[in-house]
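*Asks:* I'd like to ask some things about the structure below.
The values are calculated or read from the model by the stated rules, or taken from the named source; none is laboratory data. Remember, it's a predicted structure, so these values are computed and weren't measured experimentally. Every residue, glycine as well, gets a Cβ built from its backbone with ideal geometry; the counts of neighbours run over all protein chains shown.
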Amino acid sequence: MIILPSNRLLNVLENEDSGYFPHFPKDKITVIEVDKIVGAINSALLCHPSSIITIICSGDPLFFGIGRRLIKEFGRDMVEILPDLSSIQLAFSRIKETWDDAFLMSLHGISGQKRLGYGMNDIPSFLVKYNKMAILTDSRENTPCAIAKTLISSPITANLGLIMFVCERLGYPDEKITEGKPQEFIDMPFTEPNVVVIKMDSEHVKSCEATLFVIGVGPGDPELLTLKAMRILSSVPCICVPKGKEEGSSLALSIVEGALNLEGKEIIPAYFPMKKTTTCRHELDTKWQETVKLIMDRIDKGMSVAFITLGDPTLYSTFFYLYDRLLELNSELDIQIIPGVSSINAAASRAGIPLGLADERIAILPANYVDDLEETLKRFDTVVLMKVHKVFDDVVKTLDCMGILNRALYISRAGMRDEKIFENIMDVKAEDLDYFSMMIVRK
């Protein structure tokens, strides 16, 4: 018994010029749809357990083919696989491109649900990561035209120089290869079967001048995003998002998402452990270098990147741990810093107090790094203690000893929905202490 999964393959085998079967055994061949092949085999084996069943398929049976399903259903011992050339191998040989550095995917027969874990909308992100890819298409919704439209409409790839190849009916007498930019393929008709290959245009990448924007997104309220930040975040294809925990969410990203639709943009998570640089330098260096590589991979492809950070980038921001490393890799890299509203400004505004007037002196300090708080409080008119939650009790004791408890305010999560402001710091309870907290002492 010989099974063919399509009439197209039957037509090829019946063609005397093809040379496949000099004496074509038409009486032994059955055409059965792919979804019904397993049932047909089971029925045949039930009637004739010792019979040999041959399934002829196009391409390689184990490359997005029926081989996987047959092995799963009948076991390795019952199935013998005879490999052959795949259409993707032929496609790369025709366009004379290597394919050991390409991402290979199939959209053939995939509708709606991502059966293989990816779909049409993932193509731009894969291209940025791998530079080159090949796609098995179909004649329904996953056509070369649909792929071209996805590339043009995605902010990730819309401005990249891409070269697209559509390889039609590979191995047939009427084989055809078409090369061009995605824009040229939008309304072009193609015959099946076909393979799409996409790659970055190296000359275009060389001519692009990508920019790294470092954007302060404010303390928490999306309405405090500046107009300039909004404009740039709307235009860049890629946003680098710092996170304190690898599996956690990003507060900075949630702020941006509260103001803008980021659909279609590539989001790069960057893990920054919340640890002291004095004691965990090696671990932090490793993570910073990983983030630098992620950013430069995009910059080198001609993609502008926005690195978002809470508050203002120049005030206790993790970005400046990356700054020198980035310039070491590209001394001419265009880095533009976009200021944002800091939590200090937001906290003072929400509390309704000035930070400084006339010739008053202001000190801004990370509370857990202060060795001699009393001396600092004597020297400055306003002292802002950042991240005070871990040393809150020690600070209260110092203020009490100096007789200035009534001159201090405690603010947690300034500018966020769950913001808390305490004019009397003695009212602060343990559950009110938060990483995003500060104390403003104004004498």
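*Asks:* Residue pairs, Cβ under 8 Å, 6 or more apart or interchain, first in region 345-369 and more than 15 Å from Val441 (Cβ to Cβ), second basic (Lys, Arg) and surrounded by fewer than 16 Cβ atoms within 10 Å (Cβ to Cβ). List them.
*Replies:* Asn368/Lys390
*Asks:* Answer yes or no as to whether Gly302 is at pLDDT 95 or above and either in a helix (DSSP H, G or I) or small (Gly, Ala, Ser) (or both). Step through it out loud before you land on a result.
*Replies:* Numbers: at pLDDT 95 or above: no; either in a helix (DSSP H, G or I) or small (Gly, Ala, Ser) (or both): yes.
No; evaluated as a whole, the condition is false for this residue.
*Asks:* Of all helices (runs of 4 or more DSSP H) completely enclosed by region 34-116, which ones contain at least 1 residues that are among the polar types (S, T, N, Q) and either closer than 26 Å to Arg169 by Cβ or touching a helix residue (DSSP H, G or I) at 6+ places or on another chain (Cβ under 6 Å) (or both)?
*Replies:* Values: elements: 34-47, 67-74, 87-95.
Helices (runs of 4 or more DSSP H) meeting the threshold: 87-95.
*Asks:* Could you check region 392-413 and list, in sequence order, the residues that are within 25 Å of Ile255 (Cβ to Cβ) and in contact with a Lys or Arg (Cβ under 6 Å, 6 or more places away or on another chain)?
*Replies:* Start the filter on region 392-413 by keeping residues that are within 25 Å of Ile255 (Cβ to Cβ), which leaves 409-413.
Within region 392-413, just Ser412 meets the criteria.
*Asks:* With respect to Thr157, determine if the residue is polar (S, T, N, Q) and within 24 Å of the chain's Cα centre (by Cα).
*Replies:* On the way: polar (S, T, N, Q): yes; within 24 Å of the chain's Cα centre (by Cα): yes.
Spelling it out, Thr157 is indeed polar (S, T, N, Q) and within 24 Å of the chain's Cα centre (by Cα).
*Asks:* Hey, another quick one. If a residue has to be out of contact with any Gly (no Cβ under 9 Å at 6 or more places or on another chain) and within 22 Å of Leu224 (Cα to Cα) to count, how many in region 322-348 make the cut? So that I can check it myself, show each step before the final result.
*Replies:* First pass over region 322-348, keeping only residues out of contact with any Gly (no Cβ under 9 Å at 6 or more places or on another chain): 322-336, 348.
Okay, now just the ones that are also within 22 Å of Leu224 (Cα to Cα), so 336, 348.
Of the residues in that region, 2 qualify.
*Asks:* What strands (runs of 3 or more DSSP E) completely inside region 319-400 contain at least 1 residues that are hydroxyl-bearing (Ser, Thr, Tyr) and over 27 Å from Ile308 (Cα atoms)?
*Replies:* Working: elements: 334-338, 362-366, 382-386.
Once the strands (runs of 3 or more DSSP E) in region 319-400 are filtered for at least 1 residues that are hydroxyl-bearing (Ser, Thr, Tyr) and over 27 Å from Ile308 (Cα atoms), what remains is 382-386.
*Asks:* Here's a follow-up. Looking at region 150-173, is at least one residue under 19 Å from Phe64 (Cα atoms) and charged (D, E, K, R)?
*Replies:* The answer is yes, given that some residue of region 150-173 is under 19 Å from Phe64 (Cα atoms) and charged (D, E, K, R).
*Asks:* Moving to a separate point now. Which of (1) in contact (Cβ under 8 Å) with a residue 40 or more places away in the chain; (2) not assigned by TED's automatic domain parsing to the domain that holds Ala102 is the odd one out, the single condition Glu223 does not satisfy?
*Replies:* Just one mismatch for Glu223, condition (1).
*Asks:* Return the pair list, or none, for Cβ contacts closer than 9 Å from residues in region 384-400 that are in contact (Cβ under 8 Å) with a residue 24 or more places away in the chain to residues that are acidic (Asp, Glu) and assigned to a loop (DSSP other than H, G, I, E, B), at least 6 apart or on different chains.
*Replies:* His389/Asp434
*Asks:* Of the numbered conditions (1) under 22 Å from Leu224 (Cα atoms); (2) in contact (Cβ under 8 Å) with a residue 24 or more places away in the chain, Asp418 satisfies every one except a single condition; which is it?
*Replies:* Evaluating Asp418 over (1) under 22 Å from Leu224 (Cα atoms); (2) in contact (Cβ under 8 Å) with a residue 24 or more places away in the chain leaves (2) as the failure.
*Asks:* If you scan region 112-142, which residues turn out to be in contact with a Phe, Trp or Tyr (Cβ under 7 Å, 6 or more places away or on another chain) and hydroxyl-bearing (Ser, Thr, Tyr)?
*Replies:* Tyr130, the sole residue that qualifies.
*Asks:* Are any of the residues in region 236-251 assigned to a helix (DSSP H, G or I), out of contact with any Pro (no Cβ under 6 Å at 6 or more places or on another chain) and at pLDDT 90 or above? Step through it out loud before you land on a result.
*Replies:* Step one: filter region 236-251 for residues assigned to a helix (DSSP H, G or I), giving 251.
Okay, now just the ones that are also out of contact with any Pro (no Cβ under 6 Å at 6 or more places or on another chain), so 251.
From what's left, at pLDDT 90 or above: 251.
Within region 236-251 (the criterion being assigned to a helix (DSSP H, G or I), out of contact with any Pro (no Cβ under 6 Å at 6 or more places or on another chain) and at pLDDT 90 or above), the answer is yes, since at least one residue qualifies.
*Asks:* Which one of these does Ser235 not meet: (1) exposed (fewer than 14 other Cβ atoms within 10 Å of the Cβ); (2) in contact with a helix residue (DSSP H, G or I) (Cβ under 8 Å, 6 or more places away or on another chain)?
*Replies:* Among (1) exposed (fewer than 14 other Cβ atoms within 10 Å of the Cβ); (2) in contact with a helix residue (DSSP H, G or I) (Cβ under 8 Å, 6 or more places away or on another chain), the lone unmet condition for Ser235 is (2).
*Asks:* I'm told Asp381 meets every condition in (1) at pLDDT 95 or above; (2) closer than 30 Å to Ala229 by Cβ; (3) among the charged types (D, E, K, R) except one. Can you identify the failing condition by its number?
*Replies:* Going through (1) at pLDDT 95 or above; (2) closer than 30 Å to Ala229 by Cβ; (3) among the charged types (D, E, K, R) one by one, Asp381 breaks only (2).
*Asks:* Next up: So how many residues does region 404-433 have that are touching a helix residue (DSSP H, G or I) at 6+ places or on another chain (Cβ under 8 Å), in a loop (DSSP other than H, G, I, E, B) and either of a type in the set (A, V, I, L, M, F, W, C) or closer than 22 Å to Gly258 by Cα (or both)?
*Replies:* Going through region 404-433 one residue at a time, the tally reaches 6.
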